[in-house]
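See below for the structure under consideration.
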Ligand code: FEO
Ligand code: CA
Ligand code: CA
Ligand code: CA
């Protein structure tokens with residue numbers, strides 16, 4: 001009956017049950033198809049890029065859709081639909097020969113891994129039954145771990161980011177671990193560098209600096225890049241990691257444009273970037289740092305802006321803040337400045353975590369995506385889980401109230417005066433995920449969680465044009481123990497006014513669902529399926545991370 005009640009309460013679909021299969025499930029009356037799979041060609045000279053046995057061959061690996069799709073945005077440019085989409089990381093096991101033991105054995109194998117990550121810009125078109133990639137579109141582009149970039153803002157050109165290869169400190173190469181996304185008010189793409197630390201190693205071991213410790217730069221990288229490309233060897237290039245962990249702006253309308261790393265927005269393990277135009281004209285960007293006990297940040301441009309005015313400098317000149325969530329449900333943004341932190345401006349941006357600790361930001365349960373409501377001044381952040389909450393160094397607080405938090409929660413705040421640049425806000429919890437079939441205490445979840453809609457580890461989050469909150473999960477899909485009855489990772493829709501939440505889609509076992517955008521006419525939702533299990537979606541061979549299209553058979557809009 002809860003399913004019927006939800007269908008009657010404003011959701012435009014009949015909520016679905018959990019699934020434990022290696023398939024996609026969508027509600028009655030909906031269809032789906034894969035639009036872009038790992039290894040699919042963007043250009044016709046990479047037409048035979050992928051084989052079910054061997055994966056992608058290195059010579060065309062920068063001309064195909066990358067692996068492990070994540071955040072994405074759709075832009076309408078000259079009447080065409082262009083998706084910019086991240087490839088967060090690679091699974092060496094399915095990309096490298098079995099004999100390699102999941103570590104590259106040559107520079108070519110390392111290059112393959114570098115090419116399959118970063119960002120894909122691709123035109124998509126409606127070919128009747130779902131969308132397809134427009135192969136050879138002039139907008140198609142791959143941005144990889146090696147693509148030339150520039151930097152702006154207070155850190156660009158300083159000693160912190162100068163290297164032997166780039167003595168000016170303004171021309172970094174590549175973008176790393178592109179997780180969530182964002183879009184600017186002026187129609188460009190923001191890609192967010194998350195676990196960049198995992199790409200660096202020390203060929204000659206030495207003691208870590210304080211900064212390396214706080215950001216997790218250690219002895220050996222995930223992909224042995226340091227063995228084949230000296231710039232990833234921190235023992236010879238100690239500043240190279242300082243050139244990653246930023247928000248990067250990409251112009252999807254110009255495939256020759258040089259991506260820009262905006263250092264004014266701070267360096268940490270960025271999840272996504274939620275840009276909003278404050279009522280007083282300032283450009284505000286909300287940013288989460290996805291690590292246990294790290295902070296939620298806000299950037300406010302110094303200049304105010306109005307549509308049609310030049311946008312230069314709006315993301316280069318501003319103030320970075322960390323959030324403090326008080327137990328009385330009030331909150332404040334604490335400015336990170338030389339005065340408040342005792343650090344220089346370039347230092348406090350490069351080591352924003354350390355600056356945030358100095359001013360007393362609230363340690364959070366792994367801030368993942370932030371989404372801002374399209375019709376009112378309100379922002380939501382998915383706090384995915386935190387196995388260490390309640391430890392001595394990370395006591396519970398009102399916004400992160402459960403020790404050993406394995407289910408996660410979504411916190412939301414409303415800026416005072418409905419102005420996103422105000423320094424104070426009020427907050428509450430939209431939902432505490434949990435399992436009411438296993439627990440009766442706080443771990444059962446909040447009142448809007450029931451046996452029919454439960455989930456764990458909220459992660460991706462976007463509002464649709466009607467003000468409904470789409471929630472994607474990246475959690476435990478064992479369907480056992482504390483997670484019994486929760487099934488595979490999934491995508492749900494939340495009504496922020498009533499609190500109700502209904503399940504819309506389930507991913508194949510092993511996958512997380514991450515990344516969501518809509519076609520220009522809002523009739524198709526593009527959804528990202530990352531690290532699927534089995535042989536999804538082909539039904540044979542390797543599992544392939546993919547962007548799928550989901551639409552209604554009756555042709556109505558889906559958000
Ligand atoms: Fe890449 Fe925090 O998810
Ligand atoms: Ca995520
Ligand atoms: Ca996650
Ligand atoms: Ca992921």
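For residue 474, are the conditions met, namely being in contact (Cβ under 8 Å) with a residue 24 or more places away in the chain and closer than 21 Å to residue 181 by Cα?
Spelling it out, residue 474 is indeed in contact (Cβ under 8 Å) with a residue 24 or more places away in the chain and closer than 21 Å to residue 181 by Cα.
Tell me, yes or no, whether the stretch 81-94 has at least one residue that is without any contact (Cβ under 8 Å) to a residue 60 or more places away in the chain and either more than 16 Å from ligand 4 (Cβ to nearest atom) or touching a helix residue (DSSP H, G or I) at 6+ places or on another chain (Cβ under 7 Å) (or both). Steps first, answer last, please.
Initially, the stretch 81-94 is screened for residues without any contact (Cβ under 8 Å) to a residue 60 or more places away in the chain, giving 93.
From the residues that got through so far, the ones that are either more than 16 Å from ligand 4 (Cβ to nearest atom) or touching a helix residue (DSSP H, G or I) at 6+ places or on another chain (Cβ under 7 Å) (or both) too are none.
Checked the stretch 81-94: no residue is without any contact (Cβ under 8 Å) to a residue 60 or more places away in the chain and either more than 16 Å from ligand 4 (Cβ to nearest atom) or touching a helix residue (DSSP H, G or I) at 6+ places or on another chain (Cβ under 7 Å) (or both).
Within the bounds of the stretch 6-26, is there any residue that is modelled with pLDDT under 95, under 29 Å from residue 559 (Cα atoms) and in a helix (DSSP H, G or I)?
Yes, that holds for at least one residue.
More than 18 Å from residue 448 (Cα to Cα) and modelled with pLDDT of 95 or more: which single residue out of 414, 402 fits that description? First the steps, then the outcome.
Values: 402 fails: more than 18 Å from residue 448 (Cα to Cα).
Step by step, each of 414, 402 is checked, and only 414 is more than 18 Å from residue 448 (Cα to Cα) and modelled with pLDDT of 95 or more.
Taking interchain pairs and intrachain pairs at least six residues apart, which have beta carbon atoms under 6 angstrom, with the first residue in the stretch 498-515 and at positive phi and touching a residue at least 40 places away in the same chain (Cβ under 8 Å) and the second assigned to a strand (DSSP E or B) and within 16 Å of ligand 2 (Cβ to nearest atom)?
Every condition considered, the pairs that remain are 515/69; 515/70; 515/71; 515/72; 515/528.
Quick one: in the stretch 48-100, which of the residues that are in a loop (DSSP other than H, G, I, E, B) and within 16 Å of ligand 1 (Cβ to nearest atom) is surrounded by the most Cβ atoms within 10 Å (Cβ to Cβ)?
Step one: filter the stretch 48-100 for residues in a loop (DSSP other than H, G, I, E, B), giving 48-49, 52-54, 57, 61-63, 65-68, 78-79, 88-91, 96-97.
Next, from what is left, pick out any that are within 16 Å of ligand 1 (Cβ to nearest atom): 66-68, 88-91.
Numbers: 66: 30, 67: 27, 68: 24, 88: 26, 89: 26, 90: 24, 91: 19.
Filtering the stretch 48-100 for residues that are in a loop (DSSP other than H, G, I, E, B) and within 16 Å of ligand 1 (Cβ to nearest atom), the one surrounded by the most Cβ atoms within 10 Å (Cβ to Cβ) comes out as 66.
Mind checking which residues of the stretch 429-443 are part of a strand (DSSP E or B) and surrounded by fewer than 20 Cβ atoms within 10 Å (Cβ to Cβ)? Walk me through how you get there before you give the answer.
Filtering the stretch 429-443 for residues part of a strand (DSSP E or B) gives 429-432.
Once the filter is applied, which keeps residues that are part of a strand (DSSP E or B) and surrounded by fewer than 20 Cβ atoms within 10 Å (Cβ to Cβ), the stretch 429-443 yields only 429.
Let me confirm something: among 261, 269, which residue is in contact (Cβ under 8 Å) with a residue 60 or more places away in the chain and closer than 20 Å to residue 394 by Cβ? Working first, answer last.
Details: 261 fails: closer than 20 Å to residue 394 by Cβ.
Sole residue among the options that is in contact (Cβ under 8 Å) with a residue 60 or more places away in the chain and closer than 20 Å to residue 394 by Cβ: 269.
Read through the list (1) touching a strand residue (DSSP E or B) at 6+ places or on another chain (Cβ under 9 Å); (2) under 20 Å from residue 273 (Cα atoms), then give the number of the only condition that residue 488 fails.
(2)
Condition check: away from ligand 2 (no atom under 14 Å from the Cβ) and touching a strand residue (DSSP E or B) at 6+ places or on another chain (Cβ under 6 Å). Does residue 522 satisfy that?
Values: away from ligand 2 (no atom under 14 Å from the Cβ): yes; touching a strand residue (DSSP E or B) at 6+ places or on another chain (Cβ under 6 Å): no.
No, not satisfied.
What number of residues in the stretch 493-526 are crowded, with 20+ Cβ neighbours inside 10 Å and within 16 Å of ligand 4 (Cβ to nearest atom)?
9
Among residues belonging to the stretch 481-492 that are away from ligand 4 (no atom under 16 Å from the Cβ) and within 22 Å of residue 530 (Cβ to Cβ), point out the one that is surrounded by the fewest Cβ atoms within 10 Å (Cβ to Cβ).
Taking the stretch 481-492 and keeping what is away from ligand 4 (no atom under 16 Å from the Cβ), we get 481-487, 492.
Then keep just the ones that are within 22 Å of residue 530 (Cβ to Cβ); that gives 483, 486-487, 492.
Details: 483: 20, 486: 28, 487: 22, 492: 24.
Top of the filtered list is 483.
If I go through the stretch 444-468 residue by residue, how many of them are over 21 Å from residue 69 (Cβ atoms) and either crowded, with 18+ Cβ neighbours inside 10 Å or touching a helix residue (DSSP H, G or I) at 6+ places or on another chain (Cβ under 9 Å) (or both)? Please lay out each step first, then the result.
Just the residues of the stretch 444-468 that are over 21 Å from residue 69 (Cβ atoms), to begin with: 444-454, 456, 465-468.
In the following step, the residues that additionally are either crowded, with 18+ Cβ neighbours inside 10 Å or touching a helix residue (DSSP H, G or I) at 6+ places or on another chain (Cβ under 9 Å) (or both) were identified as 444-445, 449-454, 456, 468.
Result for the stretch 444-468: 10.
If a residue counts only when it is within 16 Å of ligand 3 (Cβ to nearest atom) and at pLDDT 95 or above, which strands (runs of 3 or more DSSP E) contained entirely in the stretch 444-523 have at least 2 such residues? Spell out the reasoning first.
Numbers: elements: 458-463, 469-473, 490-494, 501-506, 512-518.
Strands (runs of 3 or more DSSP E) meeting the threshold: 458-463, 469-473, 490-494, 512-518.
Within the stretch 344-365, is there a residue that is within 16 Å of ligand 3 (Cβ to nearest atom) and either within 22 Å of residue 433 (Cα to Cα) or crowded, with 24+ Cβ neighbours inside 10 Å (or both)? Steps first, please.
Let us first name the residues in the stretch 344-365 that are within 16 Å of ligand 3 (Cβ to nearest atom), namely 364-365.
Okay, now just the ones that are also either within 22 Å of residue 433 (Cα to Cα) or crowded, with 24+ Cβ neighbours inside 10 Å (or both), so 364-365.
Yes.
What number of residues within the stretch 174-215 are buried (at least 17 other Cβ atoms within 10 Å of the Cβ), touching a helix residue (DSSP H, G or I) at 6+ places or on another chain (Cβ under 8 Å) and not in a loop (DSSP other than H, G, I, E, B)? First the steps, then the outcome.
Going residue by residue through the stretch 174-215, those that are buried (at least 17 other Cβ atoms within 10 Å of the Cβ) are 174-184, 188-202, 211-212, 214-215.
Cutting the leftovers down to touching a helix residue (DSSP H, G or I) at 6+ places or on another chain (Cβ under 8 Å) gives us 174, 176-177, 196-197, 199-202, 211-212, 214-215.
Now narrow it down to the ones that are not in a loop (DSSP other than H, G, I, E, B): 196-197, 199, 201, 211-212, 214-215.
Count: 8.
The values are calculated or read from the model by the stated rules, or taken from the named source; none is laboratory data. Just so it is clear, the structure is predicted and the values come from calculations on it, not from any experiment. So basically every Cβ, Gly included, is an ideal-geometry build from the backbone, and we count neighbours across all protein chains shown.
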